[in-house]
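Report on one structure; see the data block that follows.
Values quoted throughout were computed directly from the atomic coordinates according to the rules given, and no laboratory measurement underlies them. Everything numeric in this text was worked out from a predicted model, so none of it was measured. Note that each Cβ is placed from the backbone with ideal geometry, even for glycine, and that neighbours are counted across all protein chains shown.
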Amino acid sequence: MFKDLDPILHTPLRLAIVSLLISVKEAEFTFIKEKTNATAGNLSVQLNKLKDAGYIEISKQFKNNYPQTICSITHVGIKAFEEYVANLQTYLRVKK
Amino acid sequence: MPDELLYREGGSGEKMTEAESLALISQMIQSARDEHHENGRGWRTWGWILFIASAGTFLMLEYEVKGSYFLWNLALPVGIFFMVLAGLRRKKIRKNLTYAQELLDRIGLGFFASLLAMVVGVNVFFIFSTSEGGIDFWGFFYILYGFWMYIHGSALKFRPLVYGAILNWIAGIAMFGVPEMKYKMLIGAVAVLLGYLVPGYLLYFQSKRQKK
């Protein structure tokens, strides 16, 4: 039924991450964790999967001597997300 | 929206229905949009500074105190100092940056740079002008154009337009200090040539290259 939907995006946590990042220019790891209620370990794994797919960019920096992870969506990620939503709409027979 | 939709541990392999997917997307987008850091600090800071400058100037004029307008000259540097402090603090605690916030930051910077240029220009006029008439207006236009160029340049991340904006702000200030009309026009011509035309043609050639 879902065979045409992007498997990278079609999981709750990864879809939640990409939906958050599509709405902001960039977001900290703690912000995404707070919004998705995910554990740090699982979030880290899913972020890396998205990064490996080229959907997001992850940069690390220091703020007040503490490491900080900043995530942002890439053009590839935006395109994949748009395609995913369009496919969903087709399934639901929602007219644009 | 039920919370269990938000997150399921080990979510890499689980399936969702179409409706659940759409609901999750909508919930997350809404959640990110609702997150903003506007606490009215800027409005409160400027509100007090401008109120003190206005009311203080009124009292000084009423009681004929010398140097009646010094509060207005003080208002801008004091305000900018507090805004820079607030901006640095906000950057420290900010966990995300929305597109709207990014644009507002740019507009704010352009606006205050323009305001500063106008205040400096008006002071330059009163220091150097020998004319008995009212203040000359030409510089205001160039400063306002600088603001417009800065917003475009920073939004497009196109530095020549940002430099053009800075040049127009400087040209606007300079016009207040130059009494002769022909030299005002010469300054204007140079500002437009380097600030508008050069970036305009650079953009034109860039778009031509992209089309190829």
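List of remarks:
- Average beta carbon contacts from partner chains per residue of A:9-22, 10 Å cutoff: 6
- Sparsely packed chymotrypsin sites (Phe, Trp or Tyr not before Pro) within the stretch B:105-203, loop by DSSP, other Cβ within 10 Å at most 12: B:137
- Dipole of the protein assembly as shown [Lys/Arg +1, Asp/Glu -1 at C-beta], most positive-end residue of A:68, B:120, A:48: A:48
- Rg/Rh, computed from the Cα trace of the stretch A:12-88 with Rh as the Kirkwood radius, has the value 0.97.
- Each helix, a run of at least 4 DSSP H residues, gives -39500 (n - 2.57); summed and divided by the residues of chain A, these come to -17000 deg cm²/dmol at 222 nm.
- Positive dipole terminus of the protein assembly as shown, leading residue within B:204, B:146, A:77 (C-beta point charges): B:204
- Size of charge dipole - the protein assembly as shown - debye, nearest 20, with Cβ of Lys, Arg +1 and Asp, Glu -1, no other charges: 820
- Across B:66/B:184; A:60/B:208; A:25/A:63; B:184/B:208, pairs whose alpha-carbon gap is larger than 26 Å: B:66/B:184; A:60/B:208; B:184/B:208
- Taken along its three principal axes, the alpha carbon spread of the stretch B:40-96 comes to 51, 17, 8 Å, from the longest extent down to the shortest.
- Each Lys and Arg contributes +1 and each Asp and Glu -1, all at the Cβ; summed about the Cα centre of the stretch B:40-96, the dipole is approximately 820 debye.
- Summary of the geometry: the stretch A:1-55 and the stretch B:99-176, compared by the centres of their Cα atoms, lie 42 Å apart.
- Remark: mean inter-chain Cβ contacts per residue of A:30-38 equal 5, using a 10 Å Cβ-Cβ cutoff to other protein chain atoms.
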